[in-house]
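Below is one structure, written out as structure tokens; the observations come after it.
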Amino acid sequence: MEPDLDGIVIIAGAYGSGKTEVAINLAVNRKRAGYDVKVADLDLVNPYFRTREAAALFNRWGIELIVPAQEWLQADLPILSPAVSGLIRQAGQLTILDAGGDDAGATVLAALADAFVGKTVRMLQVVNPYRPTTDTIDKCLQIKAEIEAASGIAINGLVSNANLMDETTADDLYSGYDFVSELSRLTNLPIEFVTAAQELLPELNLNRFLTPVLPIVRQLTPPWRKAGVIKCKN
Amino acid sequence: MGKVLMKGNEAIAEAAIRAGCLNYFAYPITPQSEVAEYLAKRMPEVDGVFLQGESEVAVGYMIFGASACGARVMTTSSSPGVSLMGEAISYITAAQCPAVFVNIMRGGPGLGGILPSQADYFQATKGGGHGDYRLLVMAPASVQEAVEMMMEAFPLAEKYRNPVMLVGDGLIGQMMEPVEFPDNLSIPATNKDAWATNGMDTRKSDKRNLVKTLYLNPEELNAHNLLLKAKYERMKQEAVKYEPYNLDSAYQVLIVSYGTMSRVCKTAIDMLKDEGIEVGMVRPQTLFPFPEQAIFEAAACESCKVALSVEMSMGQMIEDVERCIKGRLPVKWHGKCGGDVPTPEEVIDAVKRLIAEY
């Protein structure tokens, strides 16, 4: 079962929770399912490892990507392309907005409030309990409240993105999922999907999850490691 | 605490606290700012102090002041910020006060760019500030190693009464890796009485401690510099660290590379091995003291025809590699210094060109 999302989806969450890797993989996954997918890189706080690094991948897949103008791509400046509000007004079948981390990263969403008027927006909180900033339910609730206050948008879904990168085991994934399930129970928010590294999938008992699973093929890799190849289904 | 997933900058910050550093003064700059963000939240939880200076010049002297009082203290910055601290670093070494400086390097010169670089090699190992002085310079290649080096940095700074600098290219600060923290290691300095101007508080002797860097008498200044020189010689004997890689093979090329660049080289060496080409590497973990003997000996390997310094700078470390090899082998350079990290394929191409040539 794969995540079935459409409309405008904002990927938010704590700094370093894995939003961008989730956004990239979700975009390609839905594109492969036949959706018209558009992505905007709204990360104004992170200097490295941003959605813009997947530009070539998106280009190959025919996914529209909105980023700052080429000459400012590596600038240390909070540049918000005017094309983003146009993208929201004329959203694709699935439009993914990859926000920056924490409340600081979500602040940009408030600047787009006018564009969101009359639109149905889903804002998902990506949670990785192996990050020290979100290793307790209380910390996750606090970040949720801060993101909502900064963006003026309510979070209405969760993503279980429990991982220790290459060192993730099946057990790490299960206990991370249990943690996010508890957060789901307390907040009454659904877990939209759980992520799992593609190479871990054969080891997993997928019946352990009551939610769809998004396979992750790591794209944001350091220079000594190649990005995973996302193959066409057909 | 089991393994957690952390950015290098966050891990460096947490490691400092676990090493007993409760005084942190800094000024934000990309790609290092997460250290300040992390410690702004974390220091109050451990009754520590984070104070943002009005500039890196001020921060340098805040470090000097705290260290002179016997506090365990550090700052973090990135290239242009470290330049501004140069004067204070020279004063701190002259006064023989311990402190830890972290430089998460970005592209230069000038404002340069915000992407990874190793272009502050000269600044870290040969000066940056004025006068005859050296820093003990450590260069981690992973987030885990950054943690371990931070834990060692404070006791080393106190042992030698000299600043220790940890240098990482921007990737070391920005990348996330699983990391495990050792238990707290806040061993108090045993030689505090020798320098700390902390009143008679913890003082066992009634000797007056004076922190000063002015020596108007030429004989006195020369004697002071000889004392410092002896200390740097002691570091060379005691503190050098390096990692050998594939040196037990009949390697044709010897690579010297450090930090994240060395991880690209490892990938390249593994890929070349699959093709039947052997390449060895010495990875300096300390840039000063430099692994002189290890490189000299590695260059003596009979099968080795040429050495290659792979660095994200325009040929800075190569001068030290040449110095160590003492003309035994030709020494070549490969690198990039704009923010893009050379890929394993580029390193492989450079190695193959050298094999064809020598």
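List, please: which pairs have Cβ atoms under 6 Å, are six or more places apart or on different chains, and start with a residue in the range A:76-101 that is within 14 Å of chain B (Cβ to nearest Cβ) and under 26 Å from B:LEU115 (Cα atoms) and end with one that is part of a loop (DSSP other than H, G, I, E, B) and aromatic (Phe, Trp, Tyr)?
Pairs that qualify, where the first residue is within 14 Å of chain B (Cβ to nearest Cβ) and under 26 Å from B:LEU115 (Cα atoms) and the partner is part of a loop (DSSP other than H, G, I, E, B) and aromatic (Phe, Trp, Tyr), are A:GLY101/A:TYR15.
How about the range B:213-267: which of its residues are more than 14 Å from chain A (Cβ to nearest Cβ) and at positive phi?
B:ASN246
Quick check: anything in the range B:101-114 without any contact (Cβ under 8 Å) to a residue 24 or more places away in the chain and not assigned by TED's automatic domain parsing to the domain that holds B:PRO342?
Checked the range B:101-114: at least one residue is without any contact (Cβ under 8 Å) to a residue 24 or more places away in the chain and not assigned by TED's automatic domain parsing to the domain that holds B:PRO342.
Can you tell me which residue is surrounded by the fewest Cβ atoms within 10 Å (Cβ to Cβ) among those in the range A:110-138 that are within 14 Å of chain B (Cβ to nearest Cβ) and in a loop (DSSP other than H, G, I, E, B)?
Restricting to residues being within 14 Å of chain B (Cβ to nearest Cβ) and in a loop (DSSP other than H, G, I, E, B), the top hit is A:THR136.
Could you please find all residues in the range A:1-27 being over 12 Å from the mean Cα position of the chain (by Cα) and within 16 Å of A:LEU94 (Cβ to Cβ)?
Within the range A:1-27, A:GLU2, A:PRO3, A:ASP4, A:LEU5, A:ASP6, A:GLY7, A:ILE8 qualify.
Which one of the conditions (1) surrounded by 15 or more Cβ atoms within 10 Å (Cβ to Cβ); (2) within 12 Å of another protein chain (Cβ to nearest Cβ); (3) free of Cβ contacts under 8 Å to residues at least 60 places away in the same chain; (4) closer than 17 Å to A:VAL213 by Cα does A:PHE179 fail to meet, given that it meets all the rest?
Of (1) surrounded by 15 or more Cβ atoms within 10 Å (Cβ to Cβ); (2) within 12 Å of another protein chain (Cβ to nearest Cβ); (3) free of Cβ contacts under 8 Å to residues at least 60 places away in the same chain; (4) closer than 17 Å to A:VAL213 by Cα, only one is false for A:PHE179: (2).
Report yes if some residue within the range B:262-270 is more than 16 Å from B:LEU329 (Cα to Cα), hydroxyl-bearing (Ser, Thr, Tyr) and touching a Lys or Arg at 6+ places or on another chain (Cβ under 7 Å); otherwise report no.
Looking for residues that are more than 16 Å from B:LEU329 (Cα to Cα), hydroxyl-bearing (Ser, Thr, Tyr) and touching a Lys or Arg at 6+ places or on another chain (Cβ under 7 Å), one finds at least one in the range B:262-270, hence yes.
Answer yes or no as to whether A:LYS38 is in a helix (DSSP H, G or I), surrounded by fewer than 24 Cβ atoms within 10 Å (Cβ to Cβ) and more than 14 Å from chain B (Cβ to nearest Cβ).
Considered against the rule, which asks whether it is in a helix (DSSP H, G or I), surrounded by fewer than 24 Cβ atoms within 10 Å (Cβ to Cβ) and more than 14 Å from chain B (Cβ to nearest Cβ), A:LYS38 comes out as no.
Which condition number in (1) closer than 30 Å to B:GLY110 by Cβ; (2) within 14 Å of chain A (Cβ to nearest Cβ); (3) in contact (Cβ under 8 Å) with a residue 60 or more places away in the chain; (4) in a helix (DSSP H, G or I) is the one that B:ILE348 fails?
(1)
Results for (1) assigned to a loop (DSSP other than H, G, I, E, B); (2) more than 14 Å from every other protein chain (Cβ to nearest Cβ); (3) at negative phi; (4) free of Cβ contacts under 8 Å to residues at least 40 places away in the same chain, shown as yes or no for each residue.
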{"site": "A:GLY105", "(1), (2), (3), (4)": "no, no, yes, no"}
{"site": "A:CYS140", "(1), (2), (3), (4)": "no, yes, yes, no"}
{"site": "A:ILE147", "(1), (2), (3), (4)": "no, yes, yes, no"}
{"site": "A:ALA162", "(1), (2), (3), (4)": "yes, no, yes, yes"}
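Being among the polar types (S, T, N, Q) and within 23 Å of A:LYS144 (Cβ to Cβ) is the filter here; which residues of the range A:158-215 pass it?
Across the range A:158-215, the qualifying residues are A:SER160, A:ASN161, A:ASN163, A:SER175, A:SER181, A:SER184, A:THR187, A:ASN188, A:THR195, A:THR211.
Filtering the range A:2-21 down to residues that are of a type outside the set (Lys, Arg) and within 14 Å of chain B (Cβ to nearest Cβ), which residue is surrounded by the most Cβ atoms within 10 Å (Cβ to Cβ)?
The extreme case among them is A:GLY13.
Restricting to the range B:31-75, count the residues that are under 24 Å from B:GLY199 (Cβ atoms) and charged (D, E, K, R).
The total comes to 2.
The values are calculated or read from the model by the stated rules, or taken from the named source; none is laboratory data. Since this is a predicted model, take the numbers as computed values, not measurements. Virtual Cβ from ideal backbone geometry, glycine too; neighbours counted across all protein chains shown.
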